[in-house]
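Read through the structure below, which is laid out as structure tokens, and then see the notes.
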Amino acid sequence: MLNGQRPLTETHNPWLGKLRTKNTADLFDAVLCYTQSEQQGYLMEMHESDKIYLVQHPMSLSPAAVEALFPAKHCKKVIVALPSSCLEYGNSDTVEEQINRLEAAWGPALEILKQKSGGLDIWWKLHPGFVDDPTMMGLTDRLQARIPGFVSKTGKMGAEEMMVSAALVVGDVSSVLIWASRLEGCPVVSLDIFGVEGGDEMGVFPAISVVKSFAELRNMRLEQHIDIERPSSSNALPTPLQCLKVLVEKHTSKA
């Protein structure tokens, strides 16, 4: 949530601290963050620490509300796979070559996780920006033909509803993994096996396990990743609405 003084563009990567442009000193009046790692990322660019506010995450405020909004209607536990798109689209690969490259990564990874979980079904949902993408659609067809119990939920369920039914959530680099990491008792795995820059971005979040090879995935003990300390918000921090109310009052008083 940002109060901008002019049209906004992404200027940096808050997880890696990499600046995309440096002329951003007056871009934001305020930035609201849920974690200290996010706060530190913004401090690398903005420097004005008084503009960066830590607030409580809504999921930490009311787990019961999360359950009410996204009830776990499905008794059977599943593996939830939420890919974004880990491809360098600037190269000259054909769609078929792109599908082959992604299948070579996703196929063995999902087979390993299926075996380690005792044969759980896999629910797969594409990122909203890629539901009509020929490469990702082709990848979905390949995996469905390859892996027993593979079910595409694209266009049928929301990611949040899928995750509250999950025994395990797996993805690549995506904000949905941060959301999933706040669910108790659910390991969250980020696959950094696609050979793209920034594939390890999720590593700054303690409850997300970044895996860099099939061997590492085979050796992973999923039960050890259930009890990882989950991100939580201190009760001393304001809620997002409380913080916004103060900011609006401050802005009004200056007007």
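Quick look at the numbers
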item: Efficiency of FRET between GLU48 and THR239 - r from beta-carbon atoms, R0 35 angstrom, step 0.05; result: 0.95
item: Ranking of LEU54, LEU82, LEU222 by count of other Cβ atoms within 10 Å, fewest first; result: LEU222, LEU54, LEU82
item: Exposure proxy ranking, count of Cβ atoms within 10 Å, fewest first, for VAL188, VAL55, VAL131; result: VAL131, VAL55, VAL188
item: Shape of region 88-163, Cα gyration tensor, a/c cut at 1.5; result: oblate
item: Calculated P(r) of region 79-221 - Cα pairs past 20 Å, %; result: 42
item: FRET efficiency, GLU197 to LYS77 (Cβ-Cβ, R0 30 Å, nearest 0.05); result: 0.30
item: Partners for LYS77 among lysines (Cα-Cα distance below 30 Å; same-chain residues under 8 apart left out); result: LYS114, LYS116, LYS125, LYS153, LYS156, LYS212
item: Inter-probe distance in nm under a simple model that places probes 7 Å from Cα toward Cβ, at GLU249 and ALA104; result: 6.0
item: Least to most buried among THR239, THR94, THR140, THR35 (fewest other Cβ within 10 Å first); result: THR94, THR239, THR35, THR140
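No value in this document is a laboratory result; all are computed from the given coordinates. The structure presented is a predicted model; accordingly, all values stated were derived computationally and were not measured. Counting neighbours? That spans all protein chains shown, and the Cβs are built from the backbone with ideal geometry, glycine included.
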